[in-house]
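Just so it is clear, none of the values below were taken in a lab; they were calculated from the coordinates. Bear in mind that the values here come from a model prediction, so they are computed numbers and not experimental data. Cβ sites come from the backbone with ideal geometry, for glycine too, and all protein chains shown count toward neighbours.
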Amino acid sequence: MTKLPSALKLTASALALALAAGSVSAETIRWARVADALTLDPHSQNEGPTLALLRHIYSTLVSRSVDGTLEPNLATSWEIHPDDPSVWVLKLREGVTFQDGAAFTAEDVVFSYERVLHESSGFRAIHADVTGAEAIDDYTVHVKMSGPSPLYPNNLTNFFIVDKDWAEANDVVAPQNFAAGEENFAVRNTNGTGPYQLVSRDPEVRTVLEAHSGYWGDAPEITEVIYQPIPEAATRIAALLSGEVDFVQDVPVQDIARLEQSDGVKVVTGPENRNIFFAYDMTSEKLRSSNVDDNPFSHPEVREAMALALDRDAIRQVVMRGQSQPSAAPLPPFVNGWTEEMNAYDAPDVDRAAELVKSVYPDGFSVQLDCPNDRYLNDEAICQAVVGMLGRIGITVSLNAQSRSLHFPLIEKWETDFYLLGWGVPTFDSAYVFNFLVHTREGSYGAYNGGRYSNPEVDAKIEQIATMTDLDERNAVIGEIWNTVMEDRVFLNVHNQLLAYAVKDGFNIEVHPENSPTMWTVTVD
Amino acid sequence: MIAFIIRRLLQSVIVMIAVAAVSFALFRFVGDPIYSMLGQEASISDREELRDRLGLNDPIVVQFARFLGNAAQGDFGISYRLQMPVAELILQRLPATMELALVSATLAFVTGLGLGVYTALRRRGILSNIIMTASLIGVSLPTFLIGVLLIWVFAVELRWLPSNGRGAVVQIGNWWTTGFLTTSGRLALILPAITLGLYQMTLIMRLVRAELLEVLRTDYIKFARARGLSARAVNFGHALKNTLVPVITITGLQLGSIIAFAIITETVFNWPGVGALFINSVRFVDVPVMSAYLMMIALIFVVINLIVDLLYYAVDPRLRVDRAARSH
C-alpha cells in the first residue's frame, strides 16, 4: 500500500524535474486579452493594450512597479538640476543595445523626445511641459521644462525609447499620420531595447515575441510570448478552460467565482488604477433633461441626498460580485494625495435623503443619466442600480446607456447633466485628477470637467502645485484642494475597480495597477 | 440580352452608391472616433485638430463625395484603428470568411438536401418527426447560443476541437491564406461551419421537403408511378430534379447572407474574418473600414443577384420576354 504511492511520487517528481529543466531553456506563455495593440508604433496610440504589448519590445526610461513606485529602467537616476529647478538630469544605463545591435545612447533619448512631441504623436499632452531635451554626453540627458516640474518622472513610465538611426533609415521620424493616407513602417516593425523582440504579427489574430538575447537585464523565464486578442468574453474564458491559452487578462467579474473552482486555473485580483464615479452639472441655470425650472444639482441638499442614497456596498456585492473597493473620492489608494478618509463613506440613509430632496423639491424632480455601456466593468449595471437608489428618494432618473464613442463627446461638449465616468491616474499624483476634472475648463485644463465646476480659489491652488518643488508644502495644498472638492461634493464616487487575471496553475503573475502585466517578471513553478 | 446586362450593371452601380450613402448617413450615429484615437490626456484643442485633419468636421456630403472619389480609384484610406491600408486589411481577412462561408454553405446544402428528401419520402416516420422537431430548434436558437454551446461541449468538456481561431494557415500566392491544408486548420473549421450553416441547413431542408411534397402530388408523378417506374427513378429522376430549381436559387441568395451574417459566428469563435474586423471597427468607430466593408457586402449581394438573374435568363425561357420587358 505504501510502496505504490511513493513510486508514483518518485515518477511525479522526476516528471516535475524534467519539466523544470525544460522551463529553463524554453517556456511559452499564451496570453489572451480583450483587444489587440492598435499599432506597434511606440508614440502613436496612448491606449492600454497598445502600451501593455509595446512594453515588452520597447523600454521606458523609468518603470512603474506593481506596487505603484517608480523604478529605474533605461535611466539609472533622475534628479532636478542643482542650479536650475526647471531642468531634469537623467543618467542613462550603459551597455544597453537595441534589438538590431545598435548601442543605446543619449542621442536616442533626445530623438525619442522629438518624436513623442511631434504633431501626430498620441503622447504629446503627457510631455506638454517639456521644451526640449539635450544630450550632455553619451549617457546624460537634460530635459528642459517650461517651469519647475517636481513630479515629471511619473510621466516617463509610458515613454518608449527608439533608435535614432533605425528611425531615420526607415523614414519613421514621426508617428503615423492618418491624414497622409500611408502606412508608417513602424506600425508593423519594431526595434527596441526591451526584453522581447517581435517574431511575427498578424493584427488582431496573433503576435509572437521571443526573448531578446542582448537584453541588459536578467534573462526572463518566459522565453516566448504568444499574444492573442479574444474579444468575446465567453470564448476567452472557454479558451483558458480548454487549455488553449495560459493567461487571460480580462476576466468578467461574473466568471471569477466559477474560475476559482475550476481545476488547473487560478485567479489573482488586485486594485486597478481607476475610479468610477458620477458627476453632475452644478453651475448651469437650468438642466437640459430636468422637469424643474432651476438646476437641482446646484442645491447642496440635493447633492448630499444623492450621496446618502448611494448604497456602495450593495453595488459592490450585487453588481460587482465583491470585485470593487467602495470609496468616497475619485482617487485610487496608491496615488499621491490619497488619505484614509477617502475610503470612509456615509452609510446610506434613505429617509434622511428623501427628506433633503423634499425640502427643496416637494414633488421630487427628474433628470437623465448618461452612462457608457462598453467602457468600464459593469458600467451600465452600476447606472441601473443607481437609478433605482435615486428613485427611492424622489429623483426620477431616465437612463441613457450607450457606447463610449457616443458617451464621451457628451462630456466634452457639455451636453450631459449627470454622467458616469471612470478615471485612472497614470502619473500617480492628485494633480492629474485636478487638472482634468476639477479646474475650470480653459486651455489644457478641465477637458473632462463635464460638471462645469468652477472655483477660482481651487483653480489658483491647482496652478500653484504644478510648480511647487517642496513636496511637503505641495502635499498640504493638495490636501486643501481635496477638502474643498469633497465639501462641495463635486463627485459622487462609487468605487475603485479591481482587476482580475486568470492564469493556468504553474505561472505566477502579479496584477499590475496600470493593467500592464509584464511577461519577463512571470515565474514558472 | 446585352441591353439587359448593361441595364442590370447600371442598376448595380446605383445600388452600390445608395448603400454607400446610407451607410455614411448612419456613421454619424455610431459616435466620434477621436475618443478612441487619442488618449484621455489629449486636450480639447488636440481633438479638434485631429478631427480637422481627418476631415470629420466637413459636411457629411463633402465627406461622402471624398469617399466616393477615393473609392473609385481603389483607395479606401488608412484604418483609424489598426493604422494599415483598409483594402489590404480586408483582403487579408477575406480568405478566412470565404472559406468558412463555403464550407458551411456546402454543409448546409448537402445535409439540408439529404434530410429534406428523407423527411419528404418518409413523411410519417418517427425519425422524420424527430428531425422536423429538431430543425425547429435549429431555426429558433440564436447563432450566438449555438456557438457557445458547441464550444462548451466540444472544446471545454471533451477537448476534441479548438474553441477559437483558425488554426495554422498556409499562404497561397500573395493574397490567399488557407486553413484547408493543415490538420489544425481543418479542425478549427468544424464548429464555426456548423454554427454558421445550421440555420441555412434547416431552411434548405424545410424548403426541399415542402417542394418535394408538392411535386410528388402532381399528375406526372402519379402517371410515372402508374407506368410502373421504380420508386427510385420516380423520386430522384423526376421529382427531385423538378424540386431543385427554387432550392438552388435560394441557396445562391443565402450564400450572400452567410458571408454577411458570419459576423456573429466570427465573433463567438474569434474567427479572423471580415465580420470580426467589422465588429471591432464599429466599436472603435473606424469609419474607413466600416464604409469599405459595407461596400464589399453590397458588391457581393449585387454580384450574386446579377448572376442569379442571368441564370434565370439562361435557364427559364418563359422569363426572358417578361424580364426584359419589365426590367425591374
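Shielding value for B:79-89 is 5, the average number of Cβ atoms from other chains within 10 Å of each residue's Cβ. Summary value for chain B: 26 percent relative contact order, contacts being C-alpha pairs under 8 angstrom separated by 6+ residues.
The average projected area of segment B:34-166, computed from the convex hull of its Cα atoms over all directions, is 14.3 nm².
Under a Gaussian network description of chain B, with springs only between Cα atoms under 10 Å, the residue in B:ALA226, B:ALA101, B:ALA188 that fluctuates furthest is B:ALA226. From least to most packed, judged by other beta carbons within 10 angstrom and beginning with the fewest, A:LYS164, A:LYS286 follow the order A:LYS286, A:LYS164.
Between A:PHE334 and B:ARG232, the FRET efficiency estimated from the beta carbon spacing at R0 = 60 angstrom works out to 0.15. By how many nm would the segment from B:ILE130 to B:TRP152 grow when fully extended, if each residue of separation counts as 0.36 nm and the alpha-carbon distance is taken off? Once the chain is fully extended between B:ILE130 and B:TRP152, it gains 5.5 nm. Evaluated on segment A:392-525, the Kirkwood hydrodynamic radius is 17.9 Å, with distances taken between all distinct Cα atoms. Summed over all non-identical Cα pairs, the Kirkwood treatment of segment A:179-290 gives a radius of 18.6 Å. The Cα atoms of the protein assembly as shown cover 111, 75, 74 Å along the three principal axes, with the biggest extent listed first. Fully extending the segment from A:VAL66 to A:ASP488 would add 148.6 nm, taking 0.36 nm per residue of separation and subtracting the current Cα-Cα distance.
Taking segment B:214-279, which trypsin sites (Lys or Arg not before Pro) meet the DSSP loop condition and have no more than 11 other C-beta atoms within 10 Å?
B:ARG217, B:ARG227
Within the listed set B:ASP32, B:ASP219, B:ASP75, the residue fluctuating most in the Gaussian network model of chain B (springs between alpha-carbon atoms under 10 angstrom) is B:ASP219. Approximating the spin labels as points 7 Å out from Cα along Cα→Cβ, the A:LEU399-to-A:GLU107 distance works out to 5.9 nm.
Within the protein assembly as shown, what percent of beta bridges assigned by DSSP are antiparallel, to the nearest 5?
Here the share of antiparallel DSSP bridges comes out near 75 percent.
Can you tell me the FRET efficiency between A:HIS81 and A:ASN177 if r is taken as the Cβ-Cβ distance and R0 is 41 Å, rounded to the nearest 0.05? The pair A:HIS81/A:ASN177 has a calculated efficiency of 0.75. The stretch between B:VAL15 and B:THR178 holds 55.5 nm of extra length on full extension. This uses 0.36 nm per residue minus the Cα-Cα distance. Highest GNM mean-square fluctuation among B:ALA168, B:ALA260, B:ALA224, for chain B modelled with Cα contacts below 10 Å: B:ALA224.
Model label points for A:ASN291 and B:ALA210, set 7 angstrom from Cα along the Cα-to-Cβ axis, are 4.9 nm apart. Computed from the Cβ-Cβ distance with R0 of 22 Å, the FRET efficiency linking A:GLN254 to A:ASP313 stands at 0.75.
In percent, rounded to a whole number, the relative contact order of segment A:143-244 is 15, using alpha-carbon pairs under 8 Å and six or more apart. Overall form of segment A:156-231: oblate. Here a/c, set by the Cα gyration tensor axes a ≥ b ≥ c, is 1.5 or more, and a/b is not larger than b/c. Here is the list for segment A:384-456: chymotrypsin sites (Phe, Trp or Tyr not before Pro) lying in DSSP coil, each with at most 16 other C-beta atoms within 10 angstrom of its C-beta, are A:TRP414. Modelled label positions at B:ARG28 and B:ILE307, each set 7 Å beyond Cα in the direction of Cβ, lie 3.7 nm from each other. Of the GluC sites (Glu not before Pro) found in segment A:217-251, no site is in coil according to DSSP while having at most 15 other Cβ atoms within 10 Å of its Cβ.
Across chain A, Cα pairs under 8 Å and at least six residues apart give a relative contact order of 19 percent. The C-alpha atoms of segment B:86-285 occupy a region whose extents along the principal axes are 64, 37, 34 Å, arranged from largest to smallest.
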